[in-house]
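The values are calculated or read from the model by the stated rules, or taken from the named source; none is laboratory data. Note that the structure is a prediction, hence the values are computed from the model and not measured. A quick note on method: Cβ atoms are made from the backbone with ideal geometry, for glycine too, and the neighbour counts reach across all protein chains shown. These accessible areas exclude ligands, DNA and RNA; they are computed on the full protein's heavy atoms, side chains included. Shrake-Rupley method; radii C 1.70, N 1.55, O 1.52, S 1.80 Å.
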Amino acid sequence: MTEKTNVLIVGSGPTGLTLAVELARRGIGHRVVERAPEPSLGSKGKGLQPRTQEIFDDLGVIDRVLASATVYPPLRVRVGRVPVYQGRMHKPATATDAVPYPMVVMHPQWRTERVLRERLAELGGKVEYGAELTGFEQDEGGVTATLRTGGTVRADYLVAADGGRSFVRKALGVGFAGETREEERMALADVRVEGLDRHHIHVWVRPGRGMVALYPMAGTDTFQLLAPLRPGVTPDLTLSGFQRIFAERSMLRGVRVTEVLWSSLYRVNIRLADRYRDGRVFLAGDAVHVHSPAGGQGLNTGVQDAYNLGWKLARVLGGAPRSLLDTYEEERRPIAARVLGLSTDLLDKKTFKRDEETYQLQVGYRGAALARSGGDRVPDGPLRLADGSRARMFDLLRGPHFTLLSPDPAPRVPDGPRVRAYVPADPYGGVRHTLIRPDGYVGISTDSSDELAAYLAMV
């Protein structure tokens, strides 16, 4: 028997889960299938950029994230017990009206995924574990997928969020240009440690032996251990192996790795897919771009992919022109290319420093088809309305709708809940009509009601 759904999501990492939440809150039928038998327990990505925090605000999970997240503690670099550097990766900043989440926060990936799964469950969705995708075929009307469990799914669209080794991308024959730096590998683990404070990111460098770092993971009693490896070395990813690496490189007594909860061998991959779409099949997250860990861009870029694609799929399934889906690759691929260049540059410079360029608040879509005199992120801040009331911009934007700021008491917008219109006391940005997309970017700013109506007909 073949089951039917609107969107089949392959993969339950942050990208797949963000997309599932986006669809669920719009009432779009979906299934999330995951080849692994259970949720991942590894930290993997741990930094949530300011823009990702804004997205999580919109999705209704930011309070849960911030309840256990922390800003990155100071970095302390030593040779044995001798300090050689101390500073911060991120310049301290305080919240402003425009930027309510100004700092990168540390939040282990397993917990980010758990928060998103909880939100998905509240919206009626779930992840199907042990349901590996084994094949799929598409035609003009949809995609037929087969699962390891023996089931068959018929979906209007399939979205692959199945990681850097994406089965779907390979099956489509989509190129994944770039490089794998075999000489730049690292042993990665979540560990427990005795005898070490949790107020710093600890880094030790021993000439001739290498570097080892311990990041105190926010909201836990664990550390993330990172140890770069020499070319050709096969690491021992057991407790004794990590104990040996730590002892050799830190040269410390009285500090000891006592437990390994999760471990992995990481290779630096820097790749970008040739295309993001093949008919009714879309690729997102690591399936289309993989980054070096420098700058903490990978997970965050994947979340933004899903945030961009989700509302567009929902609109097309709701009757909008299918051409709207062409804008996903048009908008997101140039961003990924730019971010890949940024993270690679940080890796090559071997710098710990991060700045506004990595925070993803400057990401925008100017020049794209849906950015008519718009394309920029809308900042938060107070807004005075014509009836004398006051509101915060993010409160008006929160939800799956378009937001229209217009002096017209009855602007020409489609019936129904798709557009929420507000009359500001003063023209927003000095323009009569400003339409903000569901993902918080300006769609169009115009003084023409006809132009506004034409734009809405596209979306």
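Side notes on the structure shown:
- Given R0 = 41 Å, the distance between the Cβ atoms of residue 221 and residue 137 translates into a calculated FRET efficiency of 0.30.
- 0 to 90° range, to nearest 10: angle between helix 298-317 axis and the chain longest Cα axis: 20
- Counting only alpha carbon atoms, the long axis of helix 109-122 and the longest principal axis of the chain meet at about 30°.
- The aspartates and glutamates within cross-link reach of residue 4, meaning a Cα-to-Cα straight distance under 14 Å and a gap of 8 or more places when in the same chain, are 156.
- Using alpha-carbon coordinates, inclination of helix 14-24 to the longest axis of the chain, degrees: 30
- Taking only protein heavy atoms and a 1.4 Å probe, the accessible area of the chain is 50% carbon and sulfur.
- You can think of it this way: the chain between residue 418 and residue 71 has 121.3 nm of extra reach, that is 0.36 nm per residue less the Cα-Cα gap.
- Over 25 Å between alpha carbons, listed pairs 126/312; 46/312; 46/170; 44/312; 46/126; 44/170: 46/312; 46/170; 44/312
- Each peptide in 76-87, 233-244, 196-207, 19-30 was scored by the mean count of other Cβ atoms within 10 Å over its residues; highest first, the order is 19-30, 196-207, 233-244, 76-87.
- With the simple spin-label model, which puts each label point 7 Å out from Cα in the Cβ direction, the residue 36 to residue 84 separation comes to 3.5 nm.
- A full extension of the chain between residue 450 and residue 129 corresponds to an added length of 110.7 nm, given 0.36 nm per residue minus the alpha carbon distance.
- Segment 35-121 - percent relative contact order, Cα under 8 Å, separation 6 or more: 42
- Distance between the pseudo-spin-label points of residue 93 and residue 1 (7 Å out from Cα toward the beta carbon): 5.3 nm.
- Positive minus negative residues near residue 248 (Lys, Arg vs Asp, Glu; Cβ under 10 Å): +4
- The residues of the chain present an accessible area of 42 Å² per residue when probed at 1.4 Å with all protein chains retained.
- Once both labels are positioned 7 Å from their Cα atoms along Cα-to-Cβ, the gap between residue 408 and residue 206 label points is 7.1 nm.
- Label zone (residue 252, point 7 Å along Cα-to-C-beta; backbone nitrogen cut-off 16 Å) within segment 79-113: 79-87.
- Each peptide among 436-442, 220-226, 274-280 gets the average number of other Cβ atoms lying within 10 Å of its residues, and from highest to lowest they stand as 436-442, 220-226, 274-280.
- Where a label projected 7 Å from the Cα of residue 274 along Cα→Cβ would reach, residues of segment 306-336 with amide N under 18 Å: 329-330, 333-334
- Each Lys and Arg contributes +1 and each Asp and Glu -1, all at the Cβ; summed about the Cα centre of the chain, the dipole is approximately 1380 debye.
- Full extension of the chain between residue 194 and residue 165 gives 6.8 nm of extra length, using 0.36 nm per residue less the Cα-Cα distance.
- Here the chain carries DSSP beta bridges of which approximately 70% are antiparallel, counting only pairs with both residues inside.
- For residue 237 and residue 179, the FRET efficiency from 1/(1 + (r/R0)^6), where r spans their Cβ atoms and R0 equals 30 Å, is about 0.80.
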